[in-house]
Amino acid sequence: MKTPIILGIESSCDDTSAAIIQGKKILSNVVSTQKIHQNYGGVVPELASRAHLQNIVPVIHQAIQKANINKKAIDAISFTRGPGLLGSLLVGTSFAKSLSMSLNIPLIEVNHMQGHIFAHFIEDELNNNISFPFICLTVSGGHTQIVKVSNYFEMEVLGETLDDAAGEAFDKIGKLIGLEYPAGPMIDKLSKEGNPNKFRFPLPKLDGIKFSFSGIKTSVLYFLQKELAKNPDFIKLNQNDICASVQKTIIAALIDKLKLTIQKTGIKNVAIAGGVSANLELRKEIKKLESELACKTFIPKFEYTTDNAAMIAVVGSIKYEHNQFTDLKTIATARYKI
Ligand code: KG4
Ligand code: ZN
């Protein structure tokens, strides 16, 4: 029997993406990141859905071409049903439904956050065979969660943020120091030239597996206001050190709760996922858990950290194997629990 070929479609936020997977091997993964939001310092939902409308056909076309297949070879379509921006989700969902009707192939719905986690099941040359159960720190622009993954279809959110997501903290603090949206990658880059111990920002004081990042953002805001009153060039003169110090605080908050989870659950297989898992310092700190706590750590390839359809396609492939299909009545949903 031929190994099934799945088309994955992702459109939950500001990336329009399509991927073709055969089994768990990616044949193509095309991502079109919308640049228009840079002018506004954050994603503008209405503009995002319009850009998805423009991008979706060429992106899917390219994914099929790059995979070097005929569209008739596709066995099923998986798409992000939620969570995300409703207008953006509607574009991918409607397109997936129409295409499944016209090609007469089944439809598979995917939870975006589950997609980030499933990026670890993509088979590639780096494959280091993640095994169940594992805990996954899922850190993106919209979410910060620690998830216990017992098997493909049994996941439990052990804790999450009470306010901002970690990526949101990077982006909002970046905006305060004049960086373009999304600021996370730039803070990562500038931090390499900065001193992480130059400025100190308080870590959130929370019991249990919970995160909070709005306090860090506020303390950076007040700190900058105070320093700028003394010297209007303060940000320009200290940008790298501010970035490194902020990054250190956000990562310390993440690692702190990850360690608590390892301690509480006794689970030593530890993964990270989502856009912020591209952060080099976070990747280094996670690696340290191997020697510090005898953990096995799993770090995704860069291209599968920020939003992409490869992760949606791999969920599609696994659900296809387990006959988990959805019908045309399915609708996009902005809030969608794992
Ligand atoms: O997973 P993702 O692409 O989209 C959501 O589902 O939200 O994550 C985007 C987030 C943004 O907040 C972005 O600033 C952050 O991931 N990000 C990073 C890095 N690359 C992306 N944050 C810190 N360091 C990075 N290298
Ligand atoms: Zn995401």
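Observations, loosely collected:
- Within the range 269-316, considering residues that are within 12 Å of the chain's Cα centre (by Cα) and aromatic (F, W, Y), the one surrounded by the fewest Cβ atoms within 10 Å (Cβ to Cβ): F302
- When the range 268-324 is filtered for residues that are within 16 Å of ligand 2 (Cβ to nearest atom) and of a type in the set (S, T, N, Q), the ones remaining, listed by number, are S277, N279, T305, T306, N308.
- Considering residues of the range 84-94 that are open to solvent by less than 10 Å² (accessible area, probe 1.4 Å) and not hydroxyl-bearing (S, T, Y) only, the residue nearest to P4 (Cα to Cα): G92
- Selection count, the range 287-302, where residues are closer than 22 Å to D124 by Cβ and among the charged types (D, E, K, R): 4
- Counted residues, the range 95-119 - those being more than 12 Å from ligand 2 (Cβ to nearest atom), surrounded by fewer than 24 Cβ atoms within 10 Å (Cβ to Cβ) and touching a residue at least 60 places away in the same chain (Cβ under 8 Å): 7
- Members of the range 67-82 that are open to solvent by less than 10 Å² (accessible area, probe 1.4 Å) and either more than 15 Å from ligand 2 (Cβ to nearest atom) or not aromatic (F, W, Y) (or both): I74, A76, I77, S78, T80, G82
- Among the candidates G8, G41, the residue that is on the phi > 0 side of the Ramachandran plot and either within 14 Å of ligand 2 (Cβ to nearest atom) or assigned by TED's automatic domain parsing to the domain that holds M101 (or both) is uniquely G41.
- Test for K329: is it charged (D, E, K, R) and in a helix (DSSP H, G or I): no
- The condition of being more than 23 Å from A313 (Cβ to Cβ), under 21 Å from the mean Cα position of the chain (by Cα) and of a type in the set (A, V, I, L, M, F, W, C) holds for only one of I60, I36, that being I36.
- Candidate set from the range 306-323 (those that are outside any helix (DSSP H, G or I) and within 20 Å of K66 (Cβ to Cβ)); member that is farthest from ligand 1 (Cβ to nearest atom): A309
- Listed by first and then second residue, the pairs with beta-carbon distance under 8 Å, at least 6 apart or on different chains, first residue in the range 48-71 and closer than 16 Å to K35 by Cβ, second among the polar types (S, T, N, Q) and assigned to a helix (DSSP H, G or I), are A48/S88; S49/S88; H52/S88.
- In the range 12-30, the qualifying residues are those that are part of a strand (DSSP E or B) and away from ligand 2 (no atom under 16 Å from the Cβ), and the one that is surrounded by the fewest Cβ atoms within 10 Å (Cβ to Cβ) is K25.
- Residues satisfying the stated conditions in the range 224-267, i.e. open to solvent by 50 Å² or more (accessible area, probe 1.4 Å), of a type in the set (S, T, N, Q), touching a residue at least 40 places away in the same chain (Cβ under 8 Å) and under 18 Å from E285 (Cα atoms): none
- Of I69, I64, I117, I60, all but one fail to be at pLDDT 95 or above, out of contact with any Asp or Glu (no Cβ under 6 Å at 6 or more places or on another chain) and in a loop (DSSP other than H, G, I, E, B); the exception is I69.
- Failed item in (1) surrounded by fewer than 22 Cβ atoms within 10 Å (Cβ to Cβ); (2) in contact with a strand residue (DSSP E or B) (Cβ under 9 Å, 6 or more places away or on another chain); (3) not in a helix (DSSP H, G or I), with V43 passing the rest: (2)
- Number of positions in the range 160-185 that are open to solvent by less than 10 Å² (accessible area, probe 1.4 Å), under 21 Å from L260 (Cβ atoms) and more than 16 Å from ligand 2 (Cβ to nearest atom): 0
- Qualifying residue in the range 221-242 (condition: out of contact with any Asp or Glu (no Cβ under 6 Å at 6 or more places or on another chain), closer than 30 Å to L158 by Cα and of a type in the set (A, V, I, L, M)): no
The values are calculated or read from the model by the stated rules, or taken from the named source; none is laboratory data. Being a predicted model, the structure only gives us computed values, none of them experimental. Cβ coordinates were reconstructed from backbone atoms using ideal geometry, including for glycine residues, and neighbour counts include every protein chain displayed. For the accessible areas, the whole protein counts, side chains as well, though only heavy atoms, and no ligand, DNA or RNA atoms are used. Shrake-Rupley method; radii C 1.70, N 1.55, O 1.52, S 1.80 Å.
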